[in-house]
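Structure record follows, encoded as structure tokens.
The values are calculated or read from the model by the stated rules, or taken from the named source; none is laboratory data. The model shown is predicted, which means the values in this text are computed figures rather than measured ones. Cβ sites come from the backbone with ideal geometry, for glycine too, and all protein chains shown count toward neighbours. Note: accessible area is taken over every heavy atom of the protein model, side chains too, but ligands, DNA and RNA are not part of it. Shrake-Rupley method; radii C 1.70, N 1.55, O 1.52, S 1.80 Å.
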Amino acid sequence: MVIGRDFRKERGAAAGLSPRYGASWARGKAAGAISLALSAGVVALGLTYAGAARAEALDLLAFGDSLTQGYGLTEQDGLVPQLRAWLAAHGAGDVRVINAGVSGDTTAGGKARIDWALTPEVDAMILELGANDFLRGIDPASARANLEAILTAAQKAGVAVLLVGMQVPSNYGADYQQEFNAIYPELAEAYGALYMPNFFEGLQGEAQMMSYFQRDGLHPTGAGVAKIVEALGPRVLTLLAQVKAD
């Protein structure tokens with residue numbers, strides 16, 4: 001009397017195998033199942049590790065004009081590479097600084113491209129725009145509206161912002177200077193952004209300040225960028241700490 005059923009033989013027969021090979025077929029299937037289970041475990045472990053590594057890394061978007069892009073400089077002398085090095089030297093951890101600077105960009109240009117620049121990976125943003133607006137005499141109200149649109153997009157995306165201000169020279173007239181300069185601190189307060197009053201803060205007080213600029217008198221040299229990064233860096237560390245805390 002048959003008390004049990006030999007599923008190995010039955011499955012072998014169902015697969016078109018003779019009973020002779022049924023046991024071998026079953027052992028092979030079992031080994032394959034174990035192998036698949038182990039492979040799945042390795043893949044899952046790899047994905048978990050990659051996810052954990054990604055969670056620890058931060059993506060910082062440097063969003064601006066030629067001052068961010070590194071106009072007239074070798075790649076290593078630009079703002080983004082020097083900031084990367086500064087952050088690494090000051091224990092910022094795993095931070096990817098993305099160069100989203102476009103030479104000649106105005107606040108309107110920034111507004112037009114901010115939505116696709118703020119990819120899901122971006123955790124924080126340095127916003128440096130406005131110099132080309134006042135150089136062209138653009139209405140401060142327009143510049144304000146454009147910057148506000150950029151800050152609104154960042155807020156919706158859950159991206160922390162360091163807003164870097166621009167200081168208009170006095171030769172533009174007191175009214176224009178006052179209205180334009182007021183944009184940055186007011187928007188920083190309204191949107192809860194960190195604030196740096198002047199992009200060129202690191203060069204202020206230098207006895208030979210113009211020696212840190214290129215021949216056009218507008219864009220810093222590599223040495224000038226290094227001074228700028230020394231002033232900018234601590235604010236960026238505060239920004240990154242804010243992101244990690246959140």
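Among the conditions (1) under 21 Å from V243 (Cβ atoms); (2) of a type in the set (G, A, S); (3) open to solvent by 50 Å² or more (accessible area, probe 1.4 Å), A153 misses just one, which is (3). Taking (1) in a helix (DSSP H, G or I); (2) in contact with a Ser or Thr (Cβ under 8 Å, 6 or more places away or on another chain) in turn, W86 satisfies each apart from (2). Taking segment 79-95 as the range and being touching a residue at least 24 places away in the same chain (Cβ under 8 Å) and surrounded by fewer than 22 Cβ atoms within 10 Å (Cβ to Cβ) as the test, the residues that pass are W86, L87, H90, A92, G93, D94, V95.
Give segment 193-210 a look and list any residue that's surrounded by 11 or more Cβ atoms within 10 Å (Cβ to Cβ) and without any contact (Cβ under 8 Å) to a residue 24 or more places away in the chain, or say none. Quick ask: steps written out before the conclusion?
Filtering segment 193-210 for residues surrounded by 11 or more Cβ atoms within 10 Å (Cβ to Cβ) gives 193-204, 206, 209.
Q204, E206, M209 - these are the residues of segment 193-210 that are surrounded by 11 or more Cβ atoms within 10 Å (Cβ to Cβ) and without any contact (Cβ under 8 Å) to a residue 24 or more places away in the chain.
Report, by residue number, each residue of segment 96-109 that is open to solvent by less than 30 Å² (accessible area, probe 1.4 Å) and either modelled with pLDDT under 95 or closer than 17 Å to E56 by Cβ (or both).
Pass one, segment 96-109, residues open to solvent by less than 30 Å² (accessible area, probe 1.4 Å): 97, 100-101, 105-107, 109.
Scanning segment 96-109 gives a single hit, V97.
Would you mind stating whether L147 is in contact with a helix residue (DSSP H, G or I) (Cβ under 9 Å, 6 or more places away or on another chain), part of a helix (DSSP H, G or I), at pLDDT 95 or above and open to solvent by less than 10 Å² (accessible area, probe 1.4 Å)? Yes.
When E189 is tested against the conditions (1) acidic (D, E); (2) open to solvent by 60 Å² or more (accessible area, probe 1.4 Å); (3) in contact (Cβ under 8 Å) with a residue 12 or more places away in the chain; (4) in a helix (DSSP H, G or I), the lone failure is (3). For first residues located in segment 234-246 and closer than 14 Å to M125 by Cβ, partners that are at pLDDT below 95 and open to solvent by 50 Å² or more (accessible area, probe 1.4 Å) and lie 6+ apart or on another chain with Cβ distances below 8 Å form the pairs L240/G93. Among the residues making up segment 110-134, those that are surrounded by fewer than 16 Cβ atoms within 10 Å (Cβ to Cβ) and of a type outside the set (S, T, Y) are A112, R113, D115, W116, P120, E121.
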